[in-house]
Structure formats: structure tokens, C-alpha cells
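The values are calculated or read from the model by the stated rules, or taken from the named source; none is laboratory data. These numbers were taken from a predicted model, which means no experiment stands behind them. A quick note on method: Cβ atoms are made from the backbone with ideal geometry, for glycine too, and the neighbour counts reach across all protein chains shown.
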Amino acid sequence: MIQKTALRTLKYILKRDEASVKILSEISHKSGHRFSVEDTGGTVLWGNPEGMKHACPLKFEEITLGKFYYSEEGALLLSDTLLLLFQKEWEKKNIGKEVLGLYREINMIYGLSEMISEKIDAESIAQVALQEASQIIEMTHGLFLMYEAEQDRVISIAQFGQNPRRQDFIDSQNNMLKELIKKGTSSIVPAERIASNPALQHLKTVMYAPLKVKHRTLGMVLLGHQDSIEYTAAELKLLTTIALQSATAIESAHLYQKGLKEVQEREEAIRKIHDISQKFVPSEFIKSLGKAKITEVFLGDQVEREVTVVFVDIRDFTSISENLSPTDNFLFVNSFNNRMGPIIRKNGGFIMQYLGDGFMALFTEGSQGALNASVEMQAALREYNNERALKNRQPVKVGVGMQSGKLILGITGDRERLDAAIISDTVNTAARIEGLSKHYGTTILLTQECLDNMLAPEEFDFRYLGKVQLKGKKKPIKLYECINGDEQELQDHKLSNLKNFDRAMDLFFKKEFAMAAVSFQEIFKKNTSDQPAKLFLNRSAHLITQEIEDNWKGVETMTFK
């Protein structure tokens, strides 16, 4: 197979690759040296060997490509050039094979995970695994074997292909199969070992892989073919991957069937999260890369986009969750995400990452949709809290921070582990803006960049909260509070006092702190839930007694991240 591929590559370089032909022709012409190339089958691929005084083997590593004919010693430079061109083309083909192998592995893992996630018993998982293996690995027979420790024996829970003596094989080879399972390694069985084992007389090619989970082996998957074919290392790797995924699913199924409630609940939650992380990458992310489906993405795919990043945080998450069991805690988070996720998607965004006590969402069509979603989430949260109140449960509060800017979306990792990733300072800034929403006491906090990125900012009501100098940043950032996400009473208060608040802020930045304090106090007295008014009241009162530098601009410096 390698020999045939090498000859095809040599023929391609000398006959069809215009760049290579041009290089060889120019060197031959300028040096005045003629040469001829003949493959191992005697076919002349270049020139005419007649009249050539010398000939030498044309070899690449251990592969014989043919003969190189030449008239003068200096023509050997052309032989070296030809081998260099061959090497580059050979390496390019090998890289192509590796990429194809990676694609097959990702496609298989994704499809198998999707199917076995629906199964809750070992037999169904095993049958699906064998069926999937038969689609990507050439085989006529297959066995899914499990080791029963209590009875110290190996049993078959799924089969592929017809073999009337299957049980006789398992019974007669039980000790050998137990040893292989305990060893926990994958292997392609040498042909001589197959031929010397009467129990394998119906097969000529065999390989196997362990069903490993954590630090133990549950069994093994054995595949075979009745003809003498050649299993490759790549196919053994695929079988190993199938076995590992099947083992994980079977382990979860065993825990479920044993009825170990506490262990099952933890494993089920982990399994669900694991399954989702394997099967789910936001389709919007894939589309942003210019792909139609996840199986089309490759390591290194990337694109730069202008986006709005939104961070959503459940306030006091620890106090809410500390009295819940792991299962109830998971159900709470899931219930929250189920309410908020559709709102994000409805307004043109997608959730890039769940963070346990919140999530990060991206909006690729401007910040108008991001702010719409933020306001709607606060409204949905109030309805959710009404339901929780009927059940005597603690109300949930959510803070939102957002920033607009450029970022890189791409596929990172290595050949065996891919992940959807975003790289940008915009993400870091958005996360810190969300953190500042706690400091300022706002439900929705955004930057000047977000306002500039909106098509119709007049649809919302804002209060300017001044500039902030984030730790590690060179330029201060202008912050705005969107009051449309507040509860109705607080929203009405802020709207009716909007001009007074803006005037108070103007006095504050003009260093007229006493008058600013009076104004902020008047606003705060009308509604003591107005936390930004309280914050600037305290700042003004503090600055009255301070000596202010002439270049003071009112920029709030944050010493924490």
C-alpha cells in the first residue's frame, strides 16, 4: 500500500505538478545536465534513459521509487532536488491523512455519544457501540465482553456477525479473556497467534480494546474479520475511543441499576453535564465560523467578530444553594437557565458558557438585542420570584454587565481534544463590568461602547454613572445604568428624578460636593432602594472634607478585579 502511494506521488510530481516540473526543467536547462526517471515497474516518467551513461537507485527512506539515469556526475543535483520535492509532497499527503483521521474520530465520537446517551442498560449501549464500530471499521465479527467479578467469569452482552460457536469460544478462552481484561491494553493480534488458536479458526484478523473507566476495567471489545486484512493503528485508536465512551456509559448505567441513590444522583448530574458538553456547541458559534455543522470544524478555525458580551450573575448564589441537596441545586440552576436561555436566543444572542451561578452570552448583531434581552430577563425573573414566593423560597436577584468590542472565535486544543474558544479583552472587561454592577448597586450596567453600538438607544432609559479606571487598564471606561430592568416602583422613581440625578452628577464632577450631596440625599430619601444615589451621596460627603487635586476628573479607580 505504501509502495503504491509512493509511486503515485512520484508520478504526480513528474507529470502533473506544474511547479515541480518547472523547477526540474529549469535546473536541467541551466545546468546543461540531462536525466531520466523510471519507476519500479519500468515505466519511464521523465526523459529518455537511452544513451545515459550512469544509473542509480531512486530511494526515499526505505522506499524504492525506481531508477535515476544521468550522463554527467553533476546531474545528481537533480536527483537530490527530485527527492526533496517528493519529500514535501509526501509530508503534505501524510498531514492530509492525519486531518481526515481527526475528522473521522470527531464525527464518530459525536454520533456515538448522541446515541448511547439515550440508553440506560449495558446491553443496549454495547449493541449500539458494535453497530457504530461496524460503520467505520471493516469487520465481520464482534464481541462485547464484560467481566463478572462475583462469578469470576467473562460473559458476552452483545454480538456482531454470525458465529454458532460463539459461546464455546467464550467458555474455552475464559481464562485468557480475563487476563486480557485485567491487563487493560489495546492490541492488534499478530496473525501467527490467531492461526495457532483453534478457537479463532473462523477469523484471520483480530484486534481488541478494554472497557476502562476510572482505574478499573469492566471488560473488552473484540473485533475480527474472516479474511486477512490489515488493521491500522488509527483503527485501533478508534476502537479504543469507542470502548472508553461505552465504558463510561455502562458505568453510569450500572450505578443507576444498582439503585445507589446518592451515588446515582451525583453520577447522573455529572453524566448529563458531560453529555451536554460533548454534544452541544452553540450552533450560532459554528455558523459564526462559516460552518453548517460541528463535524465541519477543524483545529485552528477562527474568525474575528464585533460582538457584545453579556455576563449574567445570580446574586448571593452561595446562600441560596448551601441549604440545597446537590440534585435540588442542579434543578435550581437548570430551572433558571431554562427561563433565561430562550430570552437570549429570542433577541439574537447565544449562551457561550454556563458558569454555575450565571452564564456568558454573545450578541453578534450589536448591543440593542443584548440590552433587550437583559431587560426581559429581569422581567422574567420577577415572575419567577412570584412563583418562588408561593413556595416560601428565597427570591433570586440577577446582575448584568456588558461590553462591546472585537474578539476572536475559534477552535482550539490539540488533535485529541477540541474546544470552542473566544479570545479577547472584551470578555474580561464585560466580566468586570458585571462585577461592578454589585459595587454600584445596579441591575444592568453597560459601557459607552455598548451605547455607541446600539441602533436605537432612545428605546431605553439610562443614568450616567461616571468613569471608572479598571485595574490593569490604561483608559477609563464610561459607565451607564439601564433602569428599565428595575422593579416598576424603583424604575418610576429613577425616571421621575432623572433630571435631578443628572444635575447632581454634574455638580459632583464640577467638585461642588456639598451641593451634590444635598441633591443625592433628596433623591435617595424618596426611595432608599436607589443604590447608585446612595453611593454618590457617600462619595460626595467624603470628598467634602478631602483636598482635591486640580486635575481631578471624578474617575473612580478600582483596586480589585
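Odds and ends about this structure:
- Among residues of the stretch 1-15 that are loosely packed, with under 14 Cβ neighbours inside 10 Å, those with a Cβ under 8 angstrom from a residue that is of a type in the set (A, V, I, L, M), sequence gap 6+ or separate chain, pair up as Ile2/Ile63; Gln3/Ile63; Lys15/Val21; Lys15/Leu45.
- Of all residues in the stretch 231-262 being among the acidic types (Asp, Glu) and without any contact (Cβ under 8 Å) to a residue 40 or more places away in the chain, the one that is surrounded by the most Cβ atoms within 10 Å (Cβ to Cβ): Glu251
- Qualifying residue in the stretch 173-187 (condition: of a type in the set (Ser, Thr, Tyr) and part of a loop (DSSP other than H, G, I, E, B)): yes
- Strands (runs of 3 or more DSSP E) within the stretch 328-442 that include 2 or more residues over 17 Å from the mean Cα position of the chain (by Cα), touching a residue at least 60 places away in the same chain (Cβ under 8 Å) and surrounded by 14 or more Cβ atoms within 10 Å (Cβ to Cβ): 398-414
- Subset of the stretch 302-317 (residues that are in contact (Cβ under 8 Å) with a residue 60 or more places away in the chain and not acidic (Asp, Glu)): Gln302, Val303, Arg305, Val307, Thr308, Val309, Val310, Phe311, Val312, Ile314, Arg315
- Residue under evaluation Asp152, criteria (1) at pLDDT 85 or above; (2) under 28 Å from the mean Cα position of the chain (by Cα); (3) surrounded by fewer than 19 Cβ atoms within 10 Å (Cβ to Cβ), criterion not met: (2)
- Positions within the stretch 16-46 being exposed (fewer than 11 other Cβ atoms within 10 Å of the Cβ) and touching a helix residue (DSSP H, G or I) at 6+ places or on another chain (Cβ under 9 Å), in sequence order: Ala19, Gly32, Gly41
Residues checked against (1) more than 30 Å from Ala253 (Cα to Cα); (2) exposed (fewer than 14 other Cβ atoms within 10 Å of the Cβ); (3) at pLDDT 75 or above:
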| residue | (1), (2), (3) |
| --- | --- |
| Asn48 | yes, yes, yes |
| His54 | yes, yes, yes |
| Lys67 | yes, no, yes |
| Leu84 | yes, yes, yes |
| Trp90 | yes, no, yes |
| Lys97 | yes, yes, no |
| Ile109 | no, no, no |
| Glu114 | no, yes, no |
| Ser117 | no, no, no |
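- From Leu451, Leu445, residue being assigned by TED's automatic domain parsing to the domain that holds Gln353 and surrounded by 21 or more Cβ atoms within 10 Å (Cβ to Cβ): Leu445
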